[in-house]
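The values are calculated or read from the model by the stated rules, or taken from the named source; none is laboratory data. All of these numbers come straight from a predicted model, not from anything done at the bench. We place every Cβ from the backbone using ideal geometry, glycine too, and count neighbours over all the protein chains shown. Protein only, heavy atoms only, side chains kept; ligands, DNA and RNA dropped before computing areas. Shrake-Rupley method; radii C 1.70, N 1.55, O 1.52, S 1.80 Å.
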Amino acid sequence: MPNPHGVLVVDFGAQYAQLIARRVREADIYSEIVPSSITAAQVSAKNPEAIILSGGPSSVYAENAPSVDSAIFALNIPIFGICYGFQAMAAALGGVVSQTGKSEFGRTQLKVSAGSKVFASLPTEQRVWMSHGDAVTEAPCGFSVTASTSDTSIAAFESANAQLSGVQFHPEVLHSEHGQEILKNWLVNIAKCSPTWTTANIAQTEIEKAKKQIGSKRVICGLSGGVDSAVAAAIIQKAVGNQLTCVFVDHGLLRSGESEQVQRDFVASTGVNLVVVDAVDQFLDALKGVSDPETKRKIIGREFIRSFEKAARDIASGGEVEFLVQGTLYPDVVESGGGTGTANIKSHHNVGGLPDDLKFSLVEPLRALFKDEVRNVGIELGLPEEIVWRQPFPGPGLGIRIIGEVNRDRLEILRAADLIAREELKAAGLDRDIWQCPVILLAEVRSVGVQGDGRTYGHPIVLRPVSSEDAMTADWSRVPYEVLEKISTRITNEVREVNRVVLDVTSKPPATIEWE
Ligand code: XMP
């Protein structure tokens, strides 16, 4: 862990551990997720300033229920338990957890007792988010009960100095109205954690780390035009300057203005060495006649690697390249099982899925960061807002937004429609509220329309605006009708081949964000 050491979030298998880690960082304190199998000795070696025990789906008394090494409670490190973590703490310290038959799910009214240090200066009545079947029915000896609800008599407890405390509810979710204040109060005023995880410090730390790792060697970075690779490149550029060369593969599946934007905005703001590979013909030739989504993805991935390898060889002729920069984020590390011991939820693919045999050592300056932290670092390093706030865009680009075979004419149609949607969403001030808005061309569907005096037989365009926190789940965005109307009218007026615009109103799951 960096110095100062921050908070260990012990993961009991809940989807909440990442959220807790993020909330801790929002209080400017470094946090790291660790598996519940961590031993007291491993905890000591990490020397954290505090520990948070997360929620989890099990019952503490169930067979194979995850537990934490009870020796951590003797390490003299402040510990805060949440939900399952609260119950695990109670059980480890001699309290009692039982099935009371009274579950609480969702919004619940909490009553706080006078004199609690954890709830200091917060309202005595507050709304919290609960999700539990079991409950603590006896607090550990010497602990005071500091909150209750109508169905749970022990909804929070704390030791005399509150260095060991816990709550049955979830302070990390936004539905707990004072959740973040509770966490921050405990972390800063009780556990005395240092609020030094600031954007400026993060950027400086990553730059120093990269400097040390790369030394005087040469390094390359594939730019996708997205925020992650741009911020990763900007960090490395600050660290080693001209030793870095960025490679941008223009595969012809980009949106309108994207290639130009990377070349113009990114280079202008960083002064980075950029090699642009024009691979449009190569990609479109390879995609000829192919309409199966998986085959398209594979072809795009393969051709990307080919172009990248060729660019890398050309660059290497000016001196050996030892390092490759990747924009891997902390959720990627956690979800791939890295560091937490949790199951591999999904294997993450970077743009084009670079092969293992590229024979570079990896530099991953964003490995400890969440997406919002990456954006803040980007701003800190002076990257333009257009890059920092860019909505996610898939590596295979428009290739997976044309349902059917990809060709130049279809790409032109989709590019024009996509540009209109982006312009209007931006003009309506919605581009930061919406996670992303894929625009999809149903290239092999034709629908009848009437335009001017004649009957038309055109293609439908699908708008897929979604809101999401991390793309793992998503809801369809409630874009105002007037904005949708403007987009629809402009697309059907300005893009000749399109005579119908439809809105996708499906959440993820069951649908995915992209159509292919
Ligand atoms: P889905 O469609 O799986 O998308 O709900 C989740 C997020 O991932 C993006 N996406 C990709 N990104 N390569 C990428 O780099 C891909 O092959 C790919 N497929 C989907 C998608 O845009 C959304 O943000």
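Data table
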item: Criterion violated by ARG464 - all others in (1) among the charged types (D, E, K, R); (2) more than 16 Å from the ligand (Cβ to nearest atom); (3) surrounded by 17 or more Cβ atoms within 10 Å (Cβ to Cβ) satisfied; result: (2)
item: Set VAL96, VAL43: member being free of Cβ contacts under 8 Å to residues at least 60 places away in the same chain, surrounded by fewer than 24 Cβ atoms within 10 Å (Cβ to Cβ), in the same structural domain as TRP129 (by the TED database) and over 21 Å from HIS132 (Cα atoms); result: VAL43
item: Hits in the stretch 490-515 (condition: within 15 Å of the ligand (Cβ to nearest atom) and either crowded, with 19+ Cβ neighbours inside 10 Å or β-branched (Val, Ile, Thr) (or both)); result: THR506, THR512, ILE513
item: Selected residue [among the β-branched types (Val, Ile, Thr), touching a Leu at 6+ places or on another chain (Cβ under 7 Å) and modelled with pLDDT under 95] from VAL276, VAL272, VAL249; result: VAL272
item: Wholly enclosed helices (runs of 4 or more DSSP H) of the stretch 225-288 bearing at least 2 residues open to solvent by 10 Å² or more (accessible area, probe 1.4 Å) and closer than 18 Å to ARG415 by Cα; result: 258-261, 280-287
item: Set ALA41, ALA27, ALA50: member being of a type outside the set (D, E, K, R) and over 17 Å from PRO171 (Cβ atoms); result: ALA41
item: Among the residues listed as GLU385, GLU423, GLU373, the single one being closer than 25 Å to TRP515 by Cβ and more than 16 Å from the ligand (Cβ to nearest atom); result: GLU423
item: The stretch 389-420, residues that are touching a strand residue (DSSP E or B) at 6+ places or on another chain (Cβ under 6 Å), within 15 Å of the ligand (Cβ to nearest atom) and either open to solvent by 10 Å² or more (accessible area, probe 1.4 Å) or among the charged types (D, E, K, R) (or both); result: GLN391, PRO392, ARG401, ASP418
item: Members of the stretch 472-489 found to be near the ligand (Cβ under 9 Å from one of its atoms) and either under 19 Å from ALA443 (Cβ atoms) or crowded, with 16+ Cβ neighbours inside 10 Å (or both), listed by number; result: ALA474
item: Residue within the stretch 437-450 that is of a type in the set (A, V, I, L, M, F, W, C), within 16 Å of the ligand (Cβ to nearest atom), touching a strand residue (DSSP E or B) at 6+ places or on another chain (Cβ under 9 Å) and within 30 Å of TYR16 (Cβ to Cβ) present; result: yes
